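A.B. asks: Attaching a single structure in structure tokens format; questions to follow.
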């Protein structure tokens, strides 16, 4: 029974990735991450104030934490129930159902295509590249140079390689479909609420703290796994650069996103950064047109390595327990 469950989990993971590569994202009306976003958008308007408060805003913090926990519990229980029902079916049907449910929780094909679309737009003009980049990042793109547009796109690739691919797979292997669903809820909440100061007419300094903390905790280990694998798939050079990874990752304000971004900067030998905030691998060169495709190549190999390790871990768990 245990071997069957592990085999089903491994098959579901491989099927989800195959669906992602062949068909991409499901329609928005059927997309669970979109549903999470609707809930977070609706509750966010009710927990985040429109004007800053003097001193700590414990009311906004408490309300936001309560709404986060309610949403997380709903997502986790729904995924647990779906998985429970699926595992009562034949292994083949269970793997099919779990694979279909897991697919919307990871998004490699969309991430890859969006990053390559920025490079294609840059080939037309700088303005086109900036406009396409705005689909990927929340920063102001109006004054970015061509090199900075590429930096931002490559950074987004590295950061979302963890958030949209590696981390959901990590939690799926560890806790099944409920783990992957809970992670995507936490990551979506951080993306929508985890800001310091004002955004979209709301003040998130206190309302977004719980969401940011939760995402930091759940992303801590996957972000470091992503970074290490990113360097290792580049070969011997990556092994040698691993010794400076921790120092470079610590240059960013985030405790997690700096790891895959720093690893990508070191792997490519380029400089990545956010103007006025941080610069990773400052001795590196400005990214060129070929670096975007190379970054996608490294990210793909990182995903393959992660999946191989995940499947091997499931097999070892099955034969050892």
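The values are calculated or read from the model by the stated rules, or taken from the named source; none is laboratory data. No experiment lies behind these values; they were computed from the predicted model shown. Virtual Cβ from ideal backbone geometry, glycine too; neighbours counted across all protein chains shown.
A.B. asks: Within the group 186, 153, which residue is surrounded by 24 or more Cβ atoms within 10 Å (Cβ to Cβ), in contact with a helix residue (DSSP H, G or I) (Cβ under 9 Å, 6 or more places away or on another chain), farther than 25 Å from residue 21 by Cβ and touching a residue at least 40 places away in the same chain (Cβ under 8 Å)?
C.D. replies: 186 is the lone residue from the list that is surrounded by 24 or more Cβ atoms within 10 Å (Cβ to Cβ), in contact with a helix residue (DSSP H, G or I) (Cβ under 9 Å, 6 or more places away or on another chain), farther than 25 Å from residue 21 by Cβ and touching a residue at least 40 places away in the same chain (Cβ under 8 Å).
A.B. asks: What are the pairs with Cβ atoms under 9 angstrom where one residue, in the range 23-46, is on the phi > 0 side of the Ramachandran plot and in contact (Cβ under 8 Å) with a residue 24 or more places away in the chain and the other, located anywhere, is surrounded by 12 or more Cβ atoms within 10 Å (Cβ to Cβ) and not in a helix (DSSP H, G or I)? Sequence gap at least six, or different chains.
C.D. replies: Within 9 Å, the pairs are 24/107.
A.B. asks: I'm told residue 82 meets every condition in (1) over 15 Å from residue 179 (Cβ atoms); (2) surrounded by 15 or more Cβ atoms within 10 Å (Cβ to Cβ) except one. Can you identify the failing condition by its number?
C.D. replies: It is condition (1) that residue 82 fails.
Quick grid of which residues meet (1) more than 30 Å from residue 181 (Cα to Cα); (2) touching a residue at least 12 places away in the same chain (Cβ under 8 Å); (3) out of contact with any helix residue (DSSP H, G or I) (no Cβ under 9 Å at 6 or more places or on another chain); (4) buried (at least 19 other Cβ atoms within 10 Å of the Cβ):
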| position | (1), (2), (3), (4) |
| --- | --- |
| 99 | no, yes, no, yes |
| 106 | no, yes, no, yes |
| 110 | no, yes, no, no |
| 116 | no, yes, no, no |
| 125 | yes, no, yes, no |
| 130 | yes, yes, no, yes |
| 133 | no, yes, no, yes |
| 136 | no, yes, no, yes |
| 140 | yes, no, yes, no |
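A.B. asks: Sticking with this structure for a sec: Could you tell me whether the range 244-252 includes any residue that is touching a helix residue (DSSP H, G or I) at 6+ places or on another chain (Cβ under 9 Å), surrounded by 21 or more Cβ atoms within 10 Å (Cβ to Cβ) and touching a residue at least 60 places away in the same chain (Cβ under 8 Å)?
C.D. replies: No, the range 244-252 contains no residue that is touching a helix residue (DSSP H, G or I) at 6+ places or on another chain (Cβ under 9 Å), surrounded by 21 or more Cβ atoms within 10 Å (Cβ to Cβ) and touching a residue at least 60 places away in the same chain (Cβ under 8 Å).
Every residue, every condition in (1) farther than 30 Å from residue 11 by Cα; (2) under 14 Å from the mean Cα position of the chain (by Cα), yes or no:
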residue	(1), (2)
155	yes, yes
160	no, yes
164	no, yes
178	no, no
188	no, yes
197	yes, no
202	yes, no
206	yes, no
210	yes, no
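A.B. asks: Filter the range 210-236 for residues that are out of contact with any helix residue (DSSP H, G or I) (no Cβ under 6 Å at 6 or more places or on another chain) and more than 21 Å from residue 309 (Cβ to Cβ); which is surrounded by the most Cβ atoms within 10 Å (Cβ to Cβ)?
C.D. replies: 216
A.B. asks: Need at least 3 residues that are over 23 Å from residue 100 (Cβ atoms) and within 23 Å of the chain's Cα centre (by Cα) per element, so show me which helices (runs of 4 or more DSSP H) inside the range 1-88 make the cut, counting only ones lying wholly within it.
C.D. replies: Numbers: elements: 2-23, 32-47, 58-86.
Here the list reads 32-47, 58-86.
A.B. asks: Restricting to helices (runs of 4 or more DSSP H) lying wholly in the range 189-306: which have 1 or more residues that are at pLDDT 95 or above?
C.D. replies: By residue number, 209-232, 258-268.
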